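Q: Just dropping this structure here.
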Amino acid sequence: MAEHTTFKVFRYNPETDSKPYFQSYQVPLQGGKTVLDGLNEIKGQQDGTLTYRMSCRSAICGSCGMVVNGHSKLVCRLQIAEVLKNFDEVVIEPMRNFEVIRDLVVNMDRFWDKMDKVTPWLVADEENVPATERLQSPADFNVIRDASSCIMCGVCLSDCTSLEVDSNFLGPAALAKAFRMAADSRSVDREERLLELSKEGGVWDCARCYECVQVCPKYVAPMETIMKLREMTLKADLVDNRGTRHVEHFTELVLDSGILDERRLPMKTVGLTDLKGMLHMAPTGLRMMLKGKMPLIHPHIKDVDELQRIAHKVEESK
Amino acid sequence: MRVHDVVVVGSGLAGMEAALRASQDGELDVAIVSKVFPTRSHSGAAQGGIACAIGNQDPEDNWEVHMFDTVKGGDYLVDQDAAELMCKKAPEIIYELEHMGLVFNRLPDGRMAQRSFGGHSKPRACFAADWTGHAILHTLFEIVLKRKVKVYSEWYVTSLIVRDHTCHGVVAYDIMRGALEVFKARAVIFCTGGYGRAYKITSNAHANTGDGLSIAYRAGIPLEDMEFVQFHPTGLYGSGILLTEGARGEGAYLLNNDGERFMKKYAPERMELGPRDIVARAEQQEIDEGRGINGKTCVNVDIRHLGKERIMERLPQVRDLAWDFLGLDCFSECIPIQPTAHYSMGGIPVNLDCECVIDDKGTKIDGFYAAGECSCVSVHGANRLGTNSLLEACAMGAIAGTSAAKYAKSAPDLSLPDDADVEAKREIDWLLNARGSVKIADLGDELQRTMMDDCGVFRTEAQLKRQYDVVKNLQQRFQSIGLSDRSKTFNTELLGALELSHLLDFAEVIVLGALNRTESRGGHSRKDHPKRDDANWLKHTLAYKDVDGPRFAYKPVTITRFQPQERKY
Amino acid sequence: MKYAFFPGCVAKQTCPELYHSTKKVAQALNIDLVELENAACSGAGVVSQQNEALSDALNARTFAMAEKQALPIMTICSTCQGAFCRANKRLRQEPYRDKINGYLSGNGKNEGGYKGTTKIKHFLWALVEDLGIEELKKRVKRPLRNLKVASFYGCHLLRPSDALGFDNPDNPTSLEKVIDALGAEPVDYDGRTRCCGFPILLENENASMAMVSKHTLEAKEKGSDCMVTPCPLCHLNLDVQQPNAEKIARQKIGLPVLHLPQLVGLALGFSEHEMGLHKHIVPTGRVVEKAIGS
Ligand SMILES: Cc1cc2nc3c(=O)[nH]c(=O)nc-3n(C[C@H](O)[C@H](O)[C@H](O)COP(=O)(O)OP(=O)(O)OC[C@H]3O[C@@H](n4cnc5c(N)ncnc54)[C@H](O)[C@@H]3O)c2cc1C
Ligand code: SF4
Ligand code: SF4
Ligand code: FES
């Protein structure tokens, strides 16, 4: 192992730089050091102008989210040695999907704006407030426990693929917060929340890319909470939109033949009554047909009955 | 200039509780000013729990037992009227938090679960896994959002405007824009947290530089009991990052190099559950006498016997910390630990209404309040019990908010002194133009190392004298520092220098306070004066800033219910 | 090398070229594929949104089929692989598996239920792990020397890594290794581990198309002649929807997107027709020319 590690760091000072650039530093490498230790070493000994946020250095304050070699991390809990297992140098950039203020510091307003949109507090029965605590079973506590561990670091937003292309998307952290509130056994506004979250930019706009689950430094697993919100919405039978239809018909079609019917699913999802939607899909369908991508007869597995029997048993056990 | 009725400095548990109380009836314009975003405050790092004698786990528990434990734990330097107030107020505070939406572990019957904690004779720590502080911090922040309390995030308060024993507001520096502004307020509440960063091995965040203390000190306000610094027994070896005391609460063992549960020599009854100061000293003694693990400055904490399931359920963060920061698997390996500077018992002297009082006659600074770790009321005395400081931050924060609001409603509207921000401007200009050759990182490092060595778990006269010289020398060298960053945008180097200057100011107070106090009590342990000396030292230290260093005075301890006894566990 | 082969729904319908190229390539590499003809759709992480237990029960049924034959499952779809791995992770926990087995039992068809032992491998992993890169190199008849290939992994083959556990999600290397073994040159670009946008095609078409254009254009800019993907759903978005993405991006893209077995097949000497390249929406002529002309 080399005695020094190269840190290649994104630099940008709006007062002096017309555009961002990368600057390399050599950081003496010692065992057990984190990427944050490396940055502190640079700032203290080599370059006092290097700018970044940090505080707790123990992965709890959520200050130090950055992009390291392509993915977002808390640098305080990232061992340099861990990075070097996969890369030759440590490349550090500010979080994506946020405006850069200076060097590795980004403007977090976007994060809080999204948070604001999901009513990020518990709405409970304010009429009958008990003298002591409201009761909550350990099982109900467990439902919201992991989602409550969010430290608002923004790392998930930085890597969110939907947000990258659709600024309207509420994003993983806010949706996880929404789940934590909606799923709380003490809440009284679950349905309103679910309805609100089914609007544009809400739970049905998540691309299910698992980036947020992968990068979240806590136990939130934001996408899993989004999927749970979807499940809650379907169960409550609250909305009928492309998202809900997609899931419902998907399941139905699988149980129908064992193999998902790819011709019928889009039609059912868009809705046969949505003429405009249907017409919109027509050219693509035609192109596919011409290329032999649309089988005329839908295949099916032998034991379709068996699937239905299992589905029935699952349904019964509820 | 910005004008508010009440300005709260700090947005940890104390700050947010204060702001929520002060803004409760909607009559006052309340603002929070904080150098970090509220949820980044160090309160979020608190792991183990918050004390509250609601008796969910043990119906025998009540506020009086809690108070006794607190007084005894504090080695009788506790002001007992304050401890009584806090312990009585605890249930109200906890239930209120629960109603706000707090996510806490539960008993099978749905009430909040409670667990044991060092120094408490009953299981009375309410908790959320091992992120209790985080749970409370975020719940309070949710309500701050709900109430739309104005928050100035990433604004660094540089000075307090006090004239003729009256507070007029603060001066603060907007980190994002690099602009200095005056905040005029009828009441100011300091909730600026602790000063662990004076030490090399510390559980505290980089932001815990005790700014609020020296800001007050520079404004003519004395600091109380600064020599009492708590060392937590379970800091990760090398960094001091905290391993929750919850681990010991759940049954962890402490082992020396011989694999011996050494606490049997120091606290035979309570063993690992003895109070922090005793456990930390036991560890230091083991280390000093050569029984550290492989001769290093650490001992082992062992939780393997708890089993994976229990660890995952109750101590998930312990597993993560061991893995992320030491690369250890706590299911199968011991975790090396050492005493780590953790909590500052000392602070800005306040009375039961959180009003700042500057002497033993009850002289106040009108309109200036303090709560939480930066204050000294003193509920912790010479040593704080685990889980009592979250309670203090919440309970006293709430009280500060209420009393500041009451004052602000009737206070006269005073005109600001013309020179309100002159000193702050001078300080920042000087730093931005500091072109010397001394690096602030080097000074900080030297301060922290030497404080650890010579003003740490154990102290002697010789060490403290040496350390006083070191601090003086560092203060001098600070005059020759050089900064390279002259930008207005997010100048963190400038902030680092401001913070260092604060550390250097109050480190002197810690060292001299410790040198004067020729006894051992709670967190202050003099090897050359190993006994508690109630005849001479059952009193609080007050340190005033004078031309060439602190001037010391003392004030009596309030004793109501419990007469001092020997402290045994 | 013998596997219980799970082709997935797409290879049987809208991407028949994937199914046929896989069979041919497997044969050429002496990989024995026993097709799980009676297995149901993996649920693709969609059925589980409605009912996770149902989704896991259907998959446990499939895993049990392979378990009975003592064969690992081979998939050719990142999405199926992801859904399977996540289900398999849950099913490794005994109390949960017992519950799911309860749903399977009743008529003797799934006797004994699923015991939790089935290994599931994507074709890509089988190439790297079971066949081996060196061996693959040896089998190459026509190195794709002039070809610059951008890999596109597909989310579900990488994340969450605690369920997938093959490539490092920050810096996966298996596709690049295969591309390199085939004699072509892998192109490094940010988009290779990102999302193709297929899951939100119908819910948020603009966003979905923005993903397609972003990644294809980036790959093109870095000099790629084509993309290769181990996921037919990525293919559906990146290839079939590319004309729609062009409309929204207001520029031509024209980047061919190959299924992994097709790329392997070209290097093994199969013709473009044998690999079904004529079934693509974006013309593949230039790729073939470069590959075969080399
Ligand atoms: C690792 C760890 C674990 C702990 N665990 C427990 C536990 O389990 N139970 C328990 O009871 N206690 C625990 N404690 C102690 C407890 O967390 C703290 O004492 C308590 O949270 C302090 O709260 P606070 O509101 O006073 O200060 P903090 O939460 O530290 O907040 C200080 C605030 O002041 C602001 N500030 C400071 N200086 C300035 C300035 N110059 N300008 C503007 N703003 C400023 C900061 O931005 C911050 O918002 C723990 C402490 C640590 C370090
Ligand atoms: S899974 Fe959904 S929320 Fe998470 S990063 Fe991907 S698109 Fe964003
Ligand atoms: S969900 Fe995870 S990654 Fe996202 S903000 Fe919260 S802690 Fe950070
Ligand atoms: S410094 Fe607090 S999360 Fe990294």
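Q: I need the full set of residues from the stretch C:271-293 which are outside any helix (DSSP H, G or I) and either more than 14 Å from every other protein chain (Cβ to nearest Cβ) or over 19 Å from C:Lys220 (Cα atoms) (or both), in order please. Before the answer, list the steps.
A: First, the residues of the stretch C:271-293 that are outside any helix (DSSP H, G or I): C:271-276, C:280-284, C:293.
Listed by number, the residues that qualify are C:Ser271, C:Glu272, C:His273, C:Glu274, C:Met275, C:Gly276, C:Gly293.
Q: Starting from the stretch B:477-501, take each residue that is among the charged types (D, E, K, R) and list its partners that are outside any loop (DSSP other than H, G, I, E, B), counting only C-beta distances under 7 angstrom and pairs at least six apart or across chains.
A: Hits for this filter: B:Arg477/B:Val438; B:Arg477/B:Leu443; B:Asp485/B:Glu493; B:Asp485/B:Leu494; B:Arg486/B:Leu432; B:Glu499/B:Asp211.
Q: Of all residues in the stretch A:56-75 being more than 16 Å from ligand 2 (Cβ to nearest atom), at pLDDT 95 or above and not hydrophobic (A, V, I, L, M, F, W, C), which is surrounded by the most Cβ atoms within 10 Å (Cβ to Cβ)?
A: Residue satisfying both the conditions and the ranking: A:Ser63.
Q: Sticking with this one: Quick check on the stretch B:408-430. Is at least one of its residues closer than 28 Å to B:Leu13 by Cβ, part of a helix (DSSP H, G or I), out of contact with any Phe, Trp or Tyr (no Cβ under 8 Å at 6 or more places or on another chain) and aliphatic (A, V, I, L, M)?
A: Within the stretch B:408-430 (the criterion being closer than 28 Å to B:Leu13 by Cβ, part of a helix (DSSP H, G or I), out of contact with any Phe, Trp or Tyr (no Cβ under 8 Å at 6 or more places or on another chain) and aliphatic (A, V, I, L, M)), the answer is yes, since at least one residue qualifies.
Q: Looking only at the stretch C:157-192, filter to residues that are in contact with a Phe, Trp or Tyr (Cβ under 7 Å, 6 or more places away or on another chain) and at the interface with chain A (Cβ under 9 Å from one of its Cβ atoms); which one of those is surrounded by the fewest Cβ atoms within 10 Å (Cβ to Cβ)?
A: Filtering first and then ranking leaves C:Asn171.
Q: Further question on the same structure: How many residues does the stretch A:184-197 hold that are in contact with a helix residue (DSSP H, G or I) (Cβ under 6 Å, 6 or more places away or on another chain) and over 12 Å from A:Trp121 (Cα atoms)?
A: Number of matching residues: 4.
Q: Find all pairs meeting these conditions: Cβ atoms under 7 angstrom apart; at least six residues apart or on different chains; first residue within the stretch C:231-249 and of a type in the set (Asp, Glu); second residue outside any helix (DSSP H, G or I).
A: The qualifying pairs are C:Asp239/C:Val257; C:Asp239/C:His280; C:Asp239/C:Ile281; C:Asp239/C:Val282; C:Glu246/C:Lys252; C:Glu246/C:Ile253.
Q: Could you run through the stretch B:165-210 and say how many residues are in a strand (DSSP E or B), more than 16 Å from ligand 4 (Cβ to nearest atom) and within 14 Å of chain A (Cβ to nearest Cβ)? I'd like the intermediate steps shown before the answer.
A: Looking only at the stretch B:165-210, we keep the residues that are in a strand (DSSP E or B), and these are B:166-174, B:179-190, B:202.
Add one more test, that the residue is more than 16 Å from ligand 4 (Cβ to nearest atom), and what stays is B:166-174, B:179-190.
Within this subset, residues satisfying the condition of being within 14 Å of chain A (Cβ to nearest Cβ) are B:174, B:179.
Total satisfying the criteria: 2.
Q: Would you point out the residue of the stretch A:51-75, among those that are among the aliphatic types (A, V, I, L, M) and touching a strand residue (DSSP E or B) at 6+ places or on another chain (Cβ under 7 Å), that is farthest from the other protein chains (Cβ to nearest Cβ)?
A: As a first pass, look at the stretch A:51-75 and keep what is among the aliphatic types (A, V, I, L, M): A:54, A:59-60, A:66-68, A:74-75.
Next, only the ones that are touching a strand residue (DSSP E or B) at 6+ places or on another chain (Cβ under 7 Å) stay: A:59, A:66-68, A:74-75.
Working: A:Ala59: 7, A:Met66: 13, A:Val67: 10, A:Val68: 8, A:Leu74: 9, A:Val75: 12 Å.
Selected residue: A:Met66.
Q: Residues to consider are A:Thr251, A:Thr273, A:Thr269; find the one that is surrounded by fewer than 17 Cβ atoms within 10 Å (Cβ to Cβ), β-branched (Val, Ile, Thr) and at negative phi.
A: Numbers: A:Thr251 fails: surrounded by fewer than 17 Cβ atoms within 10 Å (Cβ to Cβ); A:Thr269 fails: surrounded by fewer than 17 Cβ atoms within 10 Å (Cβ to Cβ).
The conditions single out A:Thr273.
Q: Tell me whether the stretch B:85-101 contains one or more residues that are touching a Ser or Thr at 6+ places or on another chain (Cβ under 9 Å), part of a strand (DSSP E or B) and closer than 30 Å to B:Lys568 by Cβ.
A: So far as the stretch B:85-101 goes, no, none of its residues is touching a Ser or Thr at 6+ places or on another chain (Cβ under 9 Å), part of a strand (DSSP E or B) and closer than 30 Å to B:Lys568 by Cβ.
Q: I'm checking my understanding of the structure. Among residues of the stretch A:215-243 that are under 10 Å from the mean Cα position of the chain (by Cα) and in contact (Cβ under 8 Å) with a residue 60 or more places away in the chain, which one is farthest from ligand 4 (Cβ to nearest atom)?
A: So in the stretch A:215-243, the residues under 10 Å from the mean Cα position of the chain (by Cα) come out as A:215-216, A:220-226.
Among the residues that remain, those that are also in contact (Cβ under 8 Å) with a residue 60 or more places away in the chain are: A:215-216, A:220-222, A:225.
Working: A:Val215: 13, A:Cys216: 12, A:Val220: 14, A:Ala221: 18, A:Pro222: 17, A:Thr225: 21 Å.
Filtering the stretch A:215-243 for residues that are under 10 Å from the mean Cα position of the chain (by Cα) and in contact (Cβ under 8 Å) with a residue 60 or more places away in the chain, the one farthest from ligand 4 (Cβ to nearest atom) comes out as A:Thr225.
Q: Among the residues of the stretch B:348-389, write down those that are within 24 Å of B:Ala51 (Cβ to Cβ) and in a strand (DSSP E or B).
A: Initial filter on the stretch B:348-389 (within 24 Å of B:Ala51 (Cβ to Cβ)): B:348-354, B:369-389.
The answer is B:Ile348, B:Pro349, B:Val350, B:Tyr369, B:Ala370, B:Ser375, B:Cys376.
Q: Look at C:Ala245 and say whether it is outside any loop (DSSP other than H, G, I, E, B), within 12 Å of another protein chain (Cβ to nearest Cβ) and touching a Ser or Thr at 6+ places or on another chain (Cβ under 7 Å).
A: Numbers: outside any loop (DSSP other than H, G, I, E, B): yes; within 12 Å of another protein chain (Cβ to nearest Cβ): yes; touching a Ser or Thr at 6+ places or on another chain (Cβ under 7 Å): yes.
Here the answer is yes, as C:Ala245 does meet what is asked.
Q: Give the stretch C:193-212 a look and list any residue that's buried (at least 24 other Cβ atoms within 10 Å of the Cβ), part of a helix (DSSP H, G or I) and not hydrophobic (A, V, I, L, M, F, W, C), or say none.
A: Correct list: C:Thr193, C:Pro199, C:Ser208.
Q: Next question. Do you know which of the residues in the stretch A:60-110 that are assigned to a loop (DSSP other than H, G, I, E, B), among the charged types (D, E, K, R) and under 24 Å from B:Thr39 (Cα atoms) is nearest to the chain's Cα centre (by Cα)? It would help to see each step written out before you state the result.
A: Let us first name the residues in the stretch A:60-110 that are assigned to a loop (DSSP other than H, G, I, E, B), namely A:60-64, A:69-70, A:78, A:85-89, A:94-98, A:103-104, A:108.
Add one more test, that the residue is among the charged types (D, E, K, R), and what stays is A:85, A:88-89, A:96, A:103.
This time we only want the ones that are under 24 Å from B:Thr39 (Cα atoms), so: A:96, A:103.
Working: A:Arg96: 14, A:Asp103: 25 Å.
Among them, the one singled out is A:Arg96.
Q: Only one of C:Leu217, C:Leu202, C:Leu238 is in contact with a Pro (Cβ under 8 Å, 6 or more places away or on another chain) and closer than 16 Å to A:Val165 by Cβ. Can you tell me which? I'd like the intermediate steps shown before the answer.
A: Numbers: C:Leu217 fails: in contact with a Pro (Cβ under 8 Å, 6 or more places away or on another chain); C:Leu238 fails: in contact with a Pro (Cβ under 8 Å, 6 or more places away or on another chain).
Only one candidate passes the filter, namely C:Leu202.
Q: Going by the conditions given, is B:Asp225 in contact (Cβ under 8 Å) with a residue 12 or more places away in the chain, among the charged types (D, E, K, R) and closer than 23 Å to B:Glu17 by Cα? Don't jump to the end; show me each part of the working.
A: On the way: in contact (Cβ under 8 Å) with a residue 12 or more places away in the chain: yes; among the charged types (D, E, K, R): yes; closer than 23 Å to B:Glu17 by Cα: no.
In short, no.
Q: Within the stretch B:28-47, can you find the residues that are outside any loop (DSSP other than H, G, I, E, B) and of a type in the set (Gly, Ala, Ser)? Walk me through it before giving the result.
A: Narrowing the stretch B:28-47 to residues outside any loop (DSSP other than H, G, I, E, B): B:30-34, B:38-40, B:42-45.
Those that are outside any loop (DSSP other than H, G, I, E, B) and of a type in the set (Gly, Ala, Ser): B:Ala31, B:Ser34, B:Ser43, B:Gly44, B:Ala45.
Q: Report every pair of residues separated by at least 6 positions or lying on different chains whose Cβ atoms are under 6 Å apart, first residue within the stretch B:440-462 and more than 28 Å from B:Pro530 (Cα to Cα), second modelled with pLDDT of 95 or more and surrounded by 22 or more Cβ atoms within 10 Å (Cβ to Cβ).
A: B:Ile440/B:Ala497
Q: Among the helices (runs of 4 or more DSSP H) contained in the stretch A:226-318, which hold 1 or more residues that are more than 30 Å from C:Asn110 (Cα to Cα) and more than 7 Å from chain C (Cβ to nearest Cβ)?
A: On the way: elements: A:242-257, A:264-270, A:275-290, A:304-317.
By residue number, A:242-257, A:264-270, A:275-290.
Q: Just to check your reading of the model, which residue among B:Asp58, B:Asp25, B:Asp75, B:Asp109 is more than 14 Å from ligand 1 (Cβ to nearest atom), part of a loop (DSSP other than H, G, I, E, B) and within 25 Å of the chain's Cα centre (by Cα)? Spell out the reasoning first.
A: Working: B:Asp58 fails: within 25 Å of the chain's Cα centre (by Cα); B:Asp25 fails: within 25 Å of the chain's Cα centre (by Cα); B:Asp109 fails: within 25 Å of the chain's Cα centre (by Cα).
None of the other options fit; the residue is B:Asp75.
Q: Take the conditions more than 10 Å from every other protein chain (Cβ to nearest Cβ), within 17 Å of A:Gly154 (Cβ to Cβ) and modelled with pLDDT of 95 or more and apply them to A:Asp113. Does it pass?
A: Values: more than 10 Å from every other protein chain (Cβ to nearest Cβ): yes; within 17 Å of A:Gly154 (Cβ to Cβ): yes; modelled with pLDDT of 95 or more: yes.
Yes; evaluated as a whole, the condition is true for this residue.
Q: Next question. Tell me the residue from C:Gly254, C:Gly265, C:Gly223, C:Gly197 that is modelled with pLDDT of 95 or more and within 27 Å of A:Met223 (Cα to Cα), please.
A: One residue alone meets the criteria, C:Gly197.
Q: Moving to a separate point now. Filter the stretch A:121-156 down to residues that are under 15 Å from B:Thr139 (Cα atoms), away from ligand 1 (no atom under 16 Å from the Cβ) and small (Gly, Ala, Ser) and give me whichever is nearest to the other protein chains (Cβ to nearest Cβ).
A: Per the stated criteria, the residue is A:Ser148.
Q: Quick one: which helices (runs of 4 or more DSSP H) lie wholly within the stretch B:461-569 and hold at least 3 residues that are crowded, with 18+ Cβ neighbours inside 10 Å?
A: B:461-478, B:492-516
Q: Does C:Leu157 fit the bill of being farther than 22 Å from C:Glu221 by Cα and outside the structural domain of C:Gln27 (by TED's automatic domain parsing)? Please lay out each step first, then the result.
A: Details: farther than 22 Å from C:Glu221 by Cα: yes; outside the structural domain of C:Gln27 (by TED's automatic domain parsing): yes.
When the stated conditions are applied, C:Leu157 passes them.
Q: Do we have B:Ala135 as modelled with pLDDT under 95 and more than 27 Å from B:Gly346 (Cβ to Cβ) here? Full working, then the answer.
A: On the way: modelled with pLDDT under 95: no; more than 27 Å from B:Gly346 (Cβ to Cβ): yes.
Criteria not met by B:Ala135.
The values are calculated or read from the model by the stated rules, or taken from the named source; none is laboratory data. Model, not experiment: these values are computed from the prediction. Positions of Cβ are generated from backbone atoms using ideal geometry, with glycine treated the same way; all protein chains shown enter the neighbour counts.
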